[in-house]
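Readers should treat all values here as calculations from the given coordinates under stated rules, not as data from a laboratory. In this text the structure is predicted, and so the values were computed from the model without any measurement. Cβ atoms come from the backbone with ideal geometry, glycine included; neighbour counts cover every protein chain shown.
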Amino acid sequence: MKTIYMDNNATTCVADEVFQAIIPFFKEFYGNPSSIHFFGGSVGREIVKSRESLAALIGASPQEIVFTSGGTESDSTAILSALNTMPDRREIVTTRVEHPAVLNLCKYLSRFKGYTVKWISVDKRGMIDVEEVRKSVTENTAIVSIMWANNETGVLFPVERIADIAAERGALMHTDAVQAVGKVPINLSKNNVSFLSLSGHKLHAPKGIGALYIRKGTRFSPFIIGGHQEFNRRGGTENVPGIVGLGEAAKLAMKNFDEENIRVKGMRDHLQKGLLDRVSQARINGCEEFRLPNTLNIGFEFVEGEAILMRLDEKGICASSGSACTSGSLEPSHVLRAMGVPFTSVHGSIRFSLSRYNTEDEVEFVIEKTPQIIETLRAMSPFSLETINTACTVQ
Ligand SMILES: *Cc1c(COP(=O)(O)O)cnc(C)c1O
């Protein structure tokens, strides 16, 4: 059975070009880029090239890029740096729908480190209100951390306008752009964003590599303290294959950027329409107007997401669910809950996230199979609905 992979917001496949580019750096060019000898030096030059490719993708200059181990490290680095370099400011402004990498760090800082966190809410379309942000950012705000695109719904936030608000109050602006890089145009030379996080494995590079953009002139305090690597901003011998892979992935993303994203959006829109036409009582979660081109989060009323996923899986279709019932908690997604999605729909929410490696035939297959699955499950739903109801009223 062929796998139809529509879970690209969780992780992506490594592109063939990326894989080929990486291989020589395991056995042939394994030198330490910091070494004086030519063998290490030649590896160092590859890192320079990768940094340039990645910088070009986001409109940064190469000196503004620090390679990290991924999105999570970049997020922690940015937020903790702002707090360390602005010790008089004790507030963080963020949203209720951030990725756990930001959400749980902010909870930790509030519970154990005495910081005040101002949580920006979202409306039922998953959108934030810029005026609420404006009211929340004060002279006491060290950092505003707001994601560029939400990983569950794909909703895009007006990060550049918020960066202006932060700048007016002398606060730093961080954006977790892990889901946005490569999918929507980003030009950091044209805005006030201080820090931007990205991750390799969400754009067809390997897992365990990412980067943090640090705007030139921003005061910075490293998270990982050690050697002089990354211009003294991140200690530790460089993950050379990862860095080379991320550079190659950045080049690939730039190639035919518009055409590829339009093609992916076409497939996503087709999938959305196909499912809405064939399944009653289904609704889109998240603002359709400001949304990543690859993401479709759709709630099917009166069915359980985990059951849908299992049946999709039997057909070789990989997607993900809006609730985290698999973890045993039966906790619905914090994102969909913050949006006020009714519990009958939260639990039946499925995220399909596409990439340039999906095909129209795959979309057709999913449009054909999903309605049958929903119908079968709804025929037996009174029992499962009751289970959900009980589980949800407990907490
Ligand atoms: C995947 C993801 C992360 C975490 O990135 P890792 O490289 O896996 O640490 C952070 N933020 C968002 C929005 C993500 O989708």
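The set of residues in the range 119-141 being in contact with a Ser or Thr (Cβ under 8 Å, 6 or more places away or on another chain) and either among the hydroxyl-bearing types (Ser, Thr, Tyr) or in a helix (DSSP H, G or I) (or both) consists of 121, 132. So, in the range 259-278, how many residues would count as being touching a residue at least 60 places away in the same chain (Cβ under 8 Å) and over 14 Å from residue 292 (Cα atoms)? Qualifying residue count for the region: 5.
Within the option set 144, 122, 133, being in contact (Cβ under 8 Å) with a residue 40 or more places away in the chain and under 24 Å from residue 199 (Cα atoms) holds for one residue only, 144.
Do you know which residues across the range 74-107 are more than 16 Å from the ligand (Cβ to nearest atom) and either part of a helix (DSSP H, G or I) or over 19 Å from the mean Cα position of the chain (by Cα) (or both)?
If the condition is that a residue be more than 16 Å from the ligand (Cβ to nearest atom) and either part of a helix (DSSP H, G or I) or over 19 Å from the mean Cα position of the chain (by Cα) (or both), then 81, 82, 83, 84, 85, 86, 87, 88, 89, 90, 91, 92 are the ones that fit.
For the range 20-41, the set of residues classified as without any contact (Cβ under 8 Å) to a residue 24 or more places away in the chain and either part of a helix (DSSP H, G or I) or touching a His at 6+ places or on another chain (Cβ under 6 Å) (or both) consists of 20, 24, 27, 38, 39, 40, 41, listed by residue number.
Only one of the numbered conditions (1) assigned to a helix (DSSP H, G or I); (2) surrounded by 13 or more Cβ atoms within 10 Å (Cβ to Cβ) is not met by residue 224, and that is (1). Taking each residue of the range 225-245 that is closer than 16 Å to residue 77 by Cβ and looking for partners that are among the aromatic types (Phe, Trp, Tyr) and outside any loop (DSSP other than H, G, I, E, B) with beta-carbon atoms closer than 6 Å, six or more apart or interchain, yields nothing. One residue alone among 244, 178, 193 is surrounded by 24 or more Cβ atoms within 10 Å (Cβ to Cβ) and assigned to a helix (DSSP H, G or I), and that residue is 244.
When the test is whether a residue is under 22 Å from residue 10 (Cα atoms) and within 16 Å of the ligand (Cβ to nearest atom), residue 125 does not pass it. A Cβ distance below 6 Å, combined with a sequence gap of six or more or placement on separate chains, defines the contacts here; from the range 182-197, residues that are closer than 19 Å to residue 165 by Cβ reach residues that are hydrophobic (A, V, I, L, M, F, W, C) and surrounded by fewer than 20 Cβ atoms within 10 Å (Cβ to Cβ) in the pairs 192/167. Note on the range 53-110: residues that are on the phi > 0 side of the Ramachandran plot and touching a strand residue (DSSP E or B) at 6+ places or on another chain (Cβ under 8 Å) amount to 1.
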